[in-house]
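The values are calculated or read from the model by the stated rules, or taken from the named source; none is laboratory data. Everything numeric in this text was worked out from a predicted model, so none of it was measured. We place every Cβ from the backbone using ideal geometry, glycine too, and count neighbours over all the protein chains shown. Areas reflect the complete protein model, heavy atoms only, side chains present, ligands, DNA and RNA absent. Shrake-Rupley method; radii C 1.70, N 1.55, O 1.52, S 1.80 Å.
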Amino acid sequence: MPPPASRRDALQQRRPLGGAPGRAPERTLSAEAAPEPARPLARLVWIRADGEEVEFPLRDSPLLVGRDDDADIQIDEALVSRAHARIEKRGAAFYVVDLGSTNLTRVNGEPVLERELRDGDVLQFARARCRFESPLVDPIAGGV
């Protein structure tokens, strides 16, 4: 004798959706539920002469910027020194430090020996243009 309809409905409601009795339902993640890969908090974007952008995450500190194969941020342009500059993290802020390069380091067009970086700053190592991006650094207050 089959159970009454009301009893059968109660049992059916307890089963996982889409699963047979005694089996766990298959789970699929939608694109919305998939976690995004962790993005670095700050990065330097080299804007090459052909318009291509090369992104360098700023995870470690200090980072050597230069043309040398051993540079952490390698910028392969003829006028960039082998060891042109260094990017350092100090507390919550990032700084660029020129290493005595022949063709200068500039921030927003001004030659610098050392400068705190702000979100959106344009850095030039000789003729190579880069953009500093950091969502945590206030472009007006300088990280405050």
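Please indicate, with yes or no, whether at least one residue in the stretch 120-137 is at positive phi, of a type in the set (S, T, N, Q) and part of a loop (DSSP other than H, G, I, E, B).
Among the residues of the stretch 120-137, not one is at positive phi, of a type in the set (S, T, N, Q) and part of a loop (DSSP other than H, G, I, E, B), which makes the answer no.
Quick check, is R129 open to solvent by 40 Å² or more (accessible area, probe 1.4 Å) and modelled with pLDDT of 95 or more?
Judged against the criteria, R129 is a match.
Is it true that some residue in the stretch 102-112 is touching a Lys or Arg at 6+ places or on another chain (Cβ under 9 Å), of a type in the set (K, R) and surrounded by fewer than 20 Cβ atoms within 10 Å (Cβ to Cβ)?
No.
For the stretch 37-91, which fully contained strands (runs of 3 or more DSSP E) count at least 2 residues that are in contact (Cβ under 8 Å) with a residue 24 or more places away in the chain and of a type in the set (K, R)?
Strands (runs of 3 or more DSSP E) meeting the threshold: 85-90.
Within the stretch 65-75, track down each residue that is touching a Lys or Arg at 6+ places or on another chain (Cβ under 6 Å) and open to solvent by 20 Å² or more (accessible area, probe 1.4 Å).
Passing the criteria: R67, D68.
Please work out which residue is nearest to the chain's Cα centre (by Cα), limiting yourself to the stretch 59-108 and to residues that are among the polar types (S, T, N, Q) and under 16 Å from L123 (Cα atoms).
So, considering only residues that are among the polar types (S, T, N, Q) and under 16 Å from L123 (Cα atoms), the one nearest to the chain's Cα centre (by Cα) is Q74.
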